[in-house]
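What follows is a set of notes on a single structure, which appears directly below.
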Amino acid sequence: DAWRKNETRVQVLIASFRDDLCGRTLFNLFTKASLPDRIRVSLVQQNEKSDEDCVSKLCRLLKAEGGDGAGSLCARLGGQVRTYSVPARAARGPVFARAIQSRMVPDDADFCMQIDSHMDFAPSWDRHLLRFWAETNNEYGVLTTYVADKRELGKCLNGHFEVPHLCQVEWGAGGVPRNSQAKAARNLEAPVLTSLWAAGLSFARCHFEKRVPNDPSLPYIFDGEEFSRGLRAWTWGYDFYTPPRTVVGHAYNRPRKGQWSMVDGSDGPALASRRLKLLLGIAPPAQPHRQPAAAADVGARVVDAERRSVQGSRYGLGPRRTAAQYRAFSRVDLAHSSARVARVQGSCLARDFMPWKEPPPTLSTVPALGGSK
């Protein structure tokens, strides 16, 4: 019943890259929460020296728009933000930054919400998300989707309450799956089970962040980030749900200050791409037609050993469900990714819960976390 309690801690995880809306996001986060004192933020800030600090802008907005002339709100709410600063020139992509924020989750945090740094919220967003999570009746439930534009917060569209619903993937340029554009689900009465995880909104118990942390060995990765973490989480027993209402919004049309560098003069990008494909089980073996059969056999065995090592690592697959089961559940066939048999894969039809090897988790029966590699 932690979701009912006012003292329940909600830890918000944000990675920001030179984002002028980061401070506004913090302002919206706190001022639109029903209980702002229970909100804590782990912020990875990747700025140039000329960029305004996120917490400084939060305080400036609290003074200008929040009536904080004496600065007491700034001191209190600003103190609820823990910032890890990285020079913008050292940024290595979203997974790199989010791996840092995964390490910033304190042991006493109850619920964790990962979002982007340019967001807005409906009033009492914290109460809504906690209630939606409880409606899954699943301790390992994760509320996740591509959130709607912030201008749609609280609106009834086309005579319906529509929410984005993820259910299909497409193949990125590197031969790895990425989430396809969200479909629309209408007039949901409760969260709906789906197969895909999204980085822009992820709300769950914080053991999700502890057990399935972002992989620090995937710098430079964009395509494949979400599908790979979703696969890992699902094999650990986590289930993904589309929230029934939009209470978090995204600023899609915003000014940007460049992008993190895709190269740093090292083998980092190639190694990260290879690791990602090994995790997904789609890394191509050495080209057998260019070498003797004996050498090709050795190469294939080396690739297979690499795959087992990555999939069995701390940032690999879980023991509660298999990758083959996820393929059946998601209707995404990784074996045909490079051939692109289907440009878009997945199904938006209703899904049934797939049990663990252990009893399914509910709010009243929570399996022990146990150890992880």
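The values are calculated or read from the model by the stated rules, or taken from the named source; none is laboratory data. Keep in mind the model is a prediction, meaning the values are calculated, not measured. Don't worry about glycine lacking a Cβ; one is built from the backbone with ideal geometry, like all the others, and counts go over all protein chains shown. Please note that ligands, DNA and RNA were not included when accessible areas were found on the heavy atoms of the full protein model with its side chains. Shrake-Rupley method; radii C 1.70, N 1.55, O 1.52, S 1.80 Å.
Values as computed for the structure displayed
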read-out: All positions within segment 131-155 that are touching a strand residue (DSSP E or B) at 6+ places or on another chain (Cβ under 7 Å) and of a type in the set (A, V, I, L, M, F, W, C); value: Phe132, Trp133, Val142, Leu143, Val147, Ala148, Leu153
read-out: Residue check for Lys32: modelled with pLDDT of 95 or more, of a type in the set (Lys, Arg), more than 17 Å from Lys257 (Cα to Cα) and open to solvent by 20 Å² or more (accessible area, probe 1.4 Å); value: yes
read-out: Within segment 173-183, tally of residues that are closer than 14 Å to Ile282 by Cβ, under 18 Å from the mean Cα position of the chain (by Cα) and surrounded by fewer than 19 Cβ atoms within 10 Å (Cβ to Cβ); value: 1
read-out: Subset of segment 184-213 (residues that are open to solvent by less than 10 Å² (accessible area, probe 1.4 Å), of a type outside the set (S, T, N, Q) and in a strand (DSSP E or B)); value: Leu201, Phe203, Ala204
read-out: Unmet criterion (only one of (1) surrounded by fewer than 24 Cβ atoms within 10 Å (Cβ to Cβ); (2) within 12 Å of Ser117 (Cβ to Cβ)) for Val55; value: (2)
read-out: Extreme residue, least open to solvent (accessible area, probe 1.4 Å), among residues of segment 236-260 that are of a type in the set (S, T, N, Q) and at pLDDT below 95; value: Thr246
read-out: Filtered residue count, segment 101-115, keeping only those that are charged (D, E, K, R) and over 14 Å from Arg211 (Cβ atoms); value: 2
read-out: Residue check, Ala33 of a type in the set (Gly, Ala, Ser), assigned to a loop (DSSP other than H, G, I, E, B), in contact with a strand residue (DSSP E or B) (Cβ under 9 Å, 6 or more places away or on another chain) and closer than 16 Å to Ile115 by Cβ; value: yes
read-out: Subset of segment 93-146 [open to solvent by less than 10 Å² (accessible area, probe 1.4 Å) and closer than 18 Å to Glu189 by Cα]; value: Trp125, Leu129, Leu130, Phe132, Trp133, Asn138, Gly141, Val142, Leu143, Thr144, Thr145
read-out: Count - residues of segment 215-228 that are open to solvent by less than 20 Å² (accessible area, probe 1.4 Å) and in contact with a strand residue (DSSP E or B) (Cβ under 9 Å, 6 or more places away or on another chain); value: 4
read-out: Qualifying positions in segment 309-338 - surrounded by fewer than 17 Cβ atoms within 10 Å (Cβ to Cβ), closer than 10 Å to Gly281 by Cβ and at pLDDT below 90; value: Ala335
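One line per residue, one yes/no per condition, for (1) of a type in the set (Lys, Arg); (2) more than 19 Å from Asp68 (Cα to Cα):
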{"position": "Asp1", "(1), (2)": "no, yes"}
{"position": "Arg9", "(1), (2)": "yes, yes"}
{"position": "Val12", "(1), (2)": "no, yes"}
{"position": "Ala15", "(1), (2)": "no, yes"}
{"position": "Asp19", "(1), (2)": "no, yes"}
{"position": "Gly23", "(1), (2)": "no, no"}
{"position": "Leu26", "(1), (2)": "no, no"}
{"position": "Ser34", "(1), (2)": "no, no"}
{"position": "Leu43", "(1), (2)": "no, yes"}
